[in-house]
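Heads up, the thing below is written out as structure tokens.
The values are calculated or read from the model by the stated rules, or taken from the named source; none is laboratory data. Bear in mind the structure is a predicted one, so any value in this text is a computation, not a measurement. Every residue, glycine as well, gets a Cβ built from its backbone with ideal geometry; the counts of neighbours run over all protein chains shown. Note: accessible area is taken over every heavy atom of the protein model, side chains too, but ligands, DNA and RNA are not part of it. Shrake-Rupley method; radii C 1.70, N 1.55, O 1.52, S 1.80 Å.
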Amino acid sequence: MDKQQETNLSRVKSALESGMKLSVISVLNLCQTIDARKYISMLRQQGMDIKSEWVQKGKKSYKIYYLEK
């Protein structure tokens, strides 16, 4: 993993640990990367119990990722 990936992984982890609920778009804004699902998967492999749920907005739906408190 290169330095940029490590930085992005750290940002996503910190955001989740702070209580944020993340979508692919929020990770894009946070890290300027479209690889949100990749980082969520990597954190799950490291043992983080990241939950996900589908959100419906109008005709669009997307997943959000979060840690339960």
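For this structure, a couple of remarks:
- Max mean-square fluctuation residue, GNM over the chain, Cα-Cα springs under 10 Å, options Lys57, Lys13, Lys38: Lys57
- Given +1 at the Cβ of Lys and Arg, -1 at the Cβ of Asp and Glu and no other charges, the dipole of the chain around its Cα centre is 340 debye to the nearest 20.
- Per-residue [θ]222 nm for the chain (sum of -39500 (n - 2.57) over DSSP H runs n ≥ 4, rounded to 500): -14500 deg cm²/dmol
- Apportionment of accessible area to carbon and sulfur, the chain, percent (1.4 Å): 49 percent
- Surface accessible to a 1.4 Å probe, Glu53 within the full protein complex, Å²: 80 Å²
- Accessible area per residue for the chain, computed on protein heavy atoms with a 1.4 Å probe, is 70 Å².
- Cα-based reach from Lys38 at 18 Å (exclusive), listing aspartates and glutamates while leaving out same-chain residues under 8 positions away: Asp2, Glu6, Glu17, Asp49, Glu53
- Over the chain, the ratio between the Cα radius of gyration and 2.2 N^0.38 Å evaluates to 1.07.
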